[in-house]
Amino acid sequence: MRKLDREAVLTRLEEIVGGEYVLCSAMDLHLYGYDASLARGKPDVVVLPDSVEEVSKVLAFAYREKIPIIARGSGTNLSGGTVPIKGGILIHFSRMNRILEIDIPNRTATVEPGVITLDLQDRLLRQGFIYAPDPASQKVSTLGGNFGENAGGPHCLKYGVTTNHVLGAEVVLSDGTVIWTGGKAQDHPGYDLTGLLVGSEGTLGVVTKMILRIMRAPEAIKTMLAIYDTIEDAGNTVSAIIAEGIVPATLEMMDKVVMGAVEESVHAGYPTDAAAVLIIELDGMKDGMDRQADKIMEICNRHGVREIRVAKDDAERARLWAGRKGAFGAVSRLRPNYMVCDGTVPRTKLPEVLTRVIETGAKYGLVIGNVFHAGDGNLHPLILFDEKNEDERRRVLKATSEILKICAEAGGTISGEHGIGIEKLEEMSLIFSESDLDFMRGIKHAFDPLNILNPGKVLPETQPLNP
Ligand SMILES: Cc1cc2nc3c(=O)[nH]c(=O)nc-3n(C[C@H](O)[C@H](O)[C@H](O)COP(=O)(O)OP(=O)(O)OC[C@H]3O[C@@H](n4cnc5c(N)ncnc54)[C@H](O)[C@@H]3O)c2cc1C
């Protein structure tokens, strides 16, 4: 923000959202300068609007003054998506957190972006319905942030990721114009702007309402823990289950490093002497579920499983999931920081790629734990380190880049669900040609000609800010 304009900018923002909802103390700016990635920045000011009208006025003002805008939910993204690397106005959606409508006959929920993911899920479950995408961060993440990152989660193997569940959205464009994309109707003519906006990490527009698909909660659930003495056997089981034509609700894998940390913190009942476990969950109609479970057990046995435990009740099932969902937090017991590499590979390549990931850790003298959405081939090697150790930090960045290259070489990609943000800009060229990137830059320019929406994210830049 230009220095001489600072007072004028604060005054205008206070007029729009009210003085109480404009934050600019040194502490506030520091707190909004980071997210769950390693990146750091600083906004010039933070605003907490309460309505689409206020958001629209903030954007129209920012457009006139060429000030960057960063939309933020809970800041749990893992790629630097909300780090204000070029300063600007950070919009925090904590006040726009209303569930506006649950429309059971049309199977939709209309929400504001600041709704916490689990709050919607809990509310729906009381009525016998679910919103399927379930990032492990769902206790904290917002639906706006899930939209921005096209979030996934354990149950996305069967049900699809966020983009498959957003039917429409109210979006504020870079100049403050408000548009609607999609809606409750089954089909929408014209360009699929909803599809384009989901996963655009706040670089194309700011979402202020979403119409989400909801589904009936499954009649029955069966959760199994399959325990393995080798990672290869666990990996081969994953491909074999899907090849058999069975798509479980979840197929998650966790290795020994992660299980050790989880057991110390959550006591989920994982075997700490095993090389890997799979959490396999079936859901759906009661009829036929036992038959499917038997088939899965037979496949696990064919692939050298040591033991299979079936959760006896809801409490045991909840304990298994508490371990999985608390895994990222639990590894902080081992080292102060972790870097998550969010690469995706064809699932048949899992055993080979996991071996190369472990070799990469050894090459750089780093401990790597693995906990991931195995059914989707979506790896999450957690590289453990201490960010105060500069040399270790450098080795982590090199290892991360190398692991993403391994994923790309295996026919995979550099992000399954955590986005590009600023942390993977360089790696974009592993999967996209310059022509691909230029085409995407054209789309960015059409939505955001002044490059003020979350500038410096997703696309390696060729266009200067405020041309
Ligand atoms: C422990 C842990 C576990 C995790 N597990 C998973 C997982 O299983 N699956 C998964 O997918 N992710 C996971 N994540 C990553 C993260 O939680 C998700 O990316 C989540 O969707 C981010 O939500 P948020 O509210 O924190 O968004 P933020 O981090 O605040 O924002 C994310 C992006 O969305 C944009 N954005 C936010 N609000 C809006 C808006 N209103 N309009 C337009 N753009 C907006 C931001 O600019 C940013 O680019 C995990 C993170 C942690 C720390």
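Pairs meeting the criteria (first residue in the stretch 274-296 and in contact (Cβ under 8 Å) with a residue 60 or more places away in the chain and crowded, with 16+ Cβ neighbours inside 10 Å, second residue in a strand (DSSP E or B) and among the small types (Gly, Ala, Ser), beta carbons under 6 Å, at least 6 apart or on different chains) are 278/226; 289/220. A count restricted to the stretch 76-109 and to residues that are under 14 Å from residue 142 (Cβ atoms) and among the polar types (S, T, N, Q) stands at 5. Among residues belonging to the stretch 147-198 that are within 10 Å of the ligand (Cβ to nearest atom) and assigned to a helix (DSSP H, G or I), point out the one that is modelled with the lowest pLDDT. The extreme case among them is 156.
Can you name every one of the helices (runs of 4 or more DSSP H) wholly within the stretch 214-332 that holds 1 or more residues which are more than 16 Å from the ligand (Cβ to nearest atom) and touching a strand residue (DSSP E or B) at 6+ places or on another chain (Cβ under 7 Å)? First the steps, then the outcome.
Numbers: elements: 231-243, 256-265, 289-302, 314-325, 327-330.
Result: 231-243, 256-265, 289-302, 314-325.
So which of 423, 402, 392, 387 ends up being among the charged types (D, E, K, R), touching an Asp or Glu at 6+ places or on another chain (Cβ under 7 Å) and not in a strand (DSSP E or B)?
Details: 423 fails: touching an Asp or Glu at 6+ places or on another chain (Cβ under 7 Å); 402 fails: touching an Asp or Glu at 6+ places or on another chain (Cβ under 7 Å); 387 fails: touching an Asp or Glu at 6+ places or on another chain (Cβ under 7 Å).
Step by step, each of 423, 402, 392, 387 is checked, and only 392 is among the charged types (D, E, K, R), touching an Asp or Glu at 6+ places or on another chain (Cβ under 7 Å) and not in a strand (DSSP E or B).
Within the stretch 63-95, the set of residues being among the hydrophobic types (A, V, I, L, M, F, W, C), more than 8 Å from the ligand (Cβ to nearest atom) and assigned to a loop (DSSP other than H, G, I, E, B) comprises 67, 83, 85.
Conditions (1) under 27 Å from residue 35 (Cβ atoms); (2) under 23 Å from the mean Cα position of the chain (by Cα); (3) polar (S, T, N, Q), marked per residue:
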position: 330; (1), (2), (3): yes, yes, no
position: 337; (1), (2), (3): yes, yes, yes
position: 347; (1), (2), (3): no, yes, no
position: 365; (1), (2), (3): no, no, no
position: 398; (1), (2), (3): yes, yes, no
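Check the stretch 376-387 and report whether any residue there is surrounded by fewer than 16 Cβ atoms within 10 Å (Cβ to Cβ) and of a type outside the set (S, T, N, Q). Yes, the conditions are met somewhere in the stretch 376-387. Within this structure, residue 435 fails the test of being surrounded by 16 or more Cβ atoms within 10 Å (Cβ to Cβ) and either farther than 24 Å from residue 84 by Cβ or touching a strand residue (DSSP E or B) at 6+ places or on another chain (Cβ under 8 Å) (or both).
Picking from residues in the stretch 426-455 that are assigned to a helix (DSSP H, G or I) and touching a helix residue (DSSP H, G or I) at 6+ places or on another chain (Cβ under 6 Å), the one that is farthest from residue 134 (Cα to Cα) is 430.
Could you check the stretch 23-62 and list, in sequence order, the residues that are in a loop (DSSP other than H, G, I, E, B), polar (S, T, N, Q) and surrounded by 18 or more Cβ atoms within 10 Å (Cβ to Cβ)?
Taking the stretch 23-62 as the starting set, the residues that turn out to be in a loop (DSSP other than H, G, I, E, B) are 24-25, 32-33, 35-39, 41-44, 48-51.
When the remaining residues are screened for being polar (S, T, N, Q), the result is 25, 37, 51.
Selection gives 37 alone.
Residue 208: under 30 Å from residue 444 (Cβ atoms) and touching a Ser or Thr at 6+ places or on another chain (Cβ under 9 Å), yes or no? Lay out the reasoning, then the answer.
Numbers: under 30 Å from residue 444 (Cβ atoms): yes; touching a Ser or Thr at 6+ places or on another chain (Cβ under 9 Å): yes.
Against the criterion (under 30 Å from residue 444 (Cβ atoms) and touching a Ser or Thr at 6+ places or on another chain (Cβ under 9 Å)), residue 208 qualifies.
Among the conditions (1) touching a Leu at 6+ places or on another chain (Cβ under 9 Å); (2) within 11 Å of the ligand (Cβ to nearest atom), the only one that residue 45 does not satisfy is (2). Taking residue 134, is it closer than 30 Å to residue 222 by Cα and either without any contact (Cβ under 8 Å) to a residue 60 or more places away in the chain or aliphatic (A, V, I, L, M) (or both)? It is true that residue 134 is closer than 30 Å to residue 222 by Cα and either without any contact (Cβ under 8 Å) to a residue 60 or more places away in the chain or aliphatic (A, V, I, L, M) (or both). Being within 28 Å of residue 278 (Cα to Cα), surrounded by 23 or more Cβ atoms within 10 Å (Cβ to Cβ) and under 18 Å from the mean Cα position of the chain (by Cα) is not true of residue 113. Within the option set 247, 262, 207, being within 30 Å of residue 105 (Cβ to Cβ) and buried (at least 23 other Cβ atoms within 10 Å of the Cβ) holds for one residue only, 207. Yes or no: residue 102 among the β-branched types (Val, Ile, Thr), more than 9 Å from the ligand (Cβ to nearest atom) and either closer than 26 Å to residue 326 by Cα or outside any strand (DSSP E or B) (or both)? Answer is no for this residue. For first residues located in the stretch 358-377 and closer than 30 Å to residue 160 by Cα and touching a residue at least 12 places away in the same chain (Cβ under 8 Å), partners that are surrounded by 20 or more Cβ atoms within 10 Å (Cβ to Cβ) and of a type in the set (S, T, N, Q) and lie 6+ apart or on another chain with Cβ distances below 6 Å form the pairs 372/378; 377/344.
Could you say which residue among 274, 268, 322, 327 is modelled with pLDDT of 95 or more and among the hydrophobic types (A, V, I, L, M, F, W, C)? So that I can check it myself, show each step before the final result.
On the way: 268 fails: modelled with pLDDT of 95 or more; 322 fails: modelled with pLDDT of 95 or more; 327 fails: modelled with pLDDT of 95 or more.
The match here is 274.
The values are calculated or read from the model by the stated rules, or taken from the named source; none is laboratory data. Bear in mind that the values here come from a model prediction, so they are computed numbers and not experimental data. Don't worry about glycine lacking a Cβ; one is built from the backbone with ideal geometry, like all the others, and counts go over all protein chains shown.
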